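The values are calculated or read from the model by the stated rules, or taken from the named source; none is laboratory data. Just so we're clear, the structure is a prediction, and the values are computed from it rather than from any experiment. Note that each Cβ is placed from the backbone with ideal geometry, even for glycine, and that neighbours are counted across all protein chains shown.
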Amino acid sequence: MHHTRRQLLSYLALVLLAACSSAGRPSRPGSEERTILEVENRSFTDMTIYLVEGAGRRRLGLATGSTTTKMTIPASAVSSGRELQFLADPIGSDRTARSDRIYVRPGETVTLMIPPS
């Protein structure tokens, strides 16, 4: 029982790192800036990553265990800047974890770190 509780707490410790950084490239007229979610999955478990939108969620992609994966956050979700929240859903488990809310602007890179389980 104690081991299961500790494992659950590690999933709930989903961390949003260093928040955002600018891409550092000037935008060209007519081009949209890509907003990136970089998921550093330190767990061995593969995770489906979602963008939480109100009561729903939008699938962004799969973060394979023990790898770093980059996903594009849809421009419609960021528009001119918004607070976003992410959800990590481990494959084969029902122990999802949510990040804190963070303000994200178009063209930024957000890093999400999933700790080892």
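Results for (1) modelled with pLDDT under 90; (2) more than 18 Å from P116 (Cα to Cα); (3) not in a strand (DSSP E or B), shown as yes or no for each residue.
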{"site": "Q7", "(1), (2), (3)": "yes, no, yes"}
{"site": "L16", "(1), (2), (3)": "yes, no, no"}
{"site": "S21", "(1), (2), (3)": "yes, yes, no"}
{"site": "S27", "(1), (2), (3)": "yes, yes, yes"}
{"site": "S43", "(1), (2), (3)": "no, no, yes"}
{"site": "L51", "(1), (2), (3)": "no, yes, no"}
{"site": "G61", "(1), (2), (3)": "no, yes, no"}
{"site": "T69", "(1), (2), (3)": "no, no, no"}
{"site": "T72", "(1), (2), (3)": "no, yes, no"}
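Working only within the range 41-56, note down all residues that are surrounded by fewer than 18 Cβ atoms within 10 Å (Cβ to Cβ) and either among the hydrophobic types (A, V, I, L, M, F, W, C) or without any contact (Cβ under 8 Å) to a residue 60 or more places away in the chain (or both).
The answer is F44, D46, T48, V52, E53, G54, A55, G56.
Which residue, of G65, G92, is surrounded by 15 or more Cβ atoms within 10 Å (Cβ to Cβ) and in a loop (DSSP other than H, G, I, E, B)?
G65
Looking only at the range 99-117, how many residues end up being in contact with a helix residue (DSSP H, G or I) (Cβ under 9 Å, 6 or more places away or on another chain), surrounded by 15 or more Cβ atoms within 10 Å (Cβ to Cβ) and under 16 Å from T48 (Cα atoms)?
Of the range 99-117, the ones in contact with a helix residue (DSSP H, G or I) (Cβ under 9 Å, 6 or more places away or on another chain) are 104-108, 114-117.
Remaining after also requiring surrounded by 15 or more Cβ atoms within 10 Å (Cβ to Cβ): 104, 106-108, 114-115, 117.
Next, from what is left, pick out any that are under 16 Å from T48 (Cα atoms): 114-115, 117.
So the answer is 3.
Return the residues of the range 45-72 that are touching a Lys or Arg at 6+ places or on another chain (Cβ under 8 Å) and under 21 Å from E108 (Cα atoms); say none if nothing qualifies. Please lay out each step first, then the result.
Quick first cut of the range 45-72, residues touching a Lys or Arg at 6+ places or on another chain (Cβ under 8 Å) only: 48-52, 66, 72.
Hits for the range 45-72 are I49, Y50, L51, V52, T72.
Can you work out which of the residues in the range 74-84 that are in contact with a strand residue (DSSP E or B) (Cβ under 8 Å, 6 or more places away or on another chain) and not in a strand (DSSP E or B) is surrounded by the most Cβ atoms within 10 Å (Cβ to Cβ)?
Residue satisfying both the conditions and the ranking: V78.
Take the residues of the range 87-104 that are in contact (Cβ under 8 Å) with a residue 40 or more places away in the chain and among the basic types (K, R): which is nearest to G61 (Cα to Cα)?
R98
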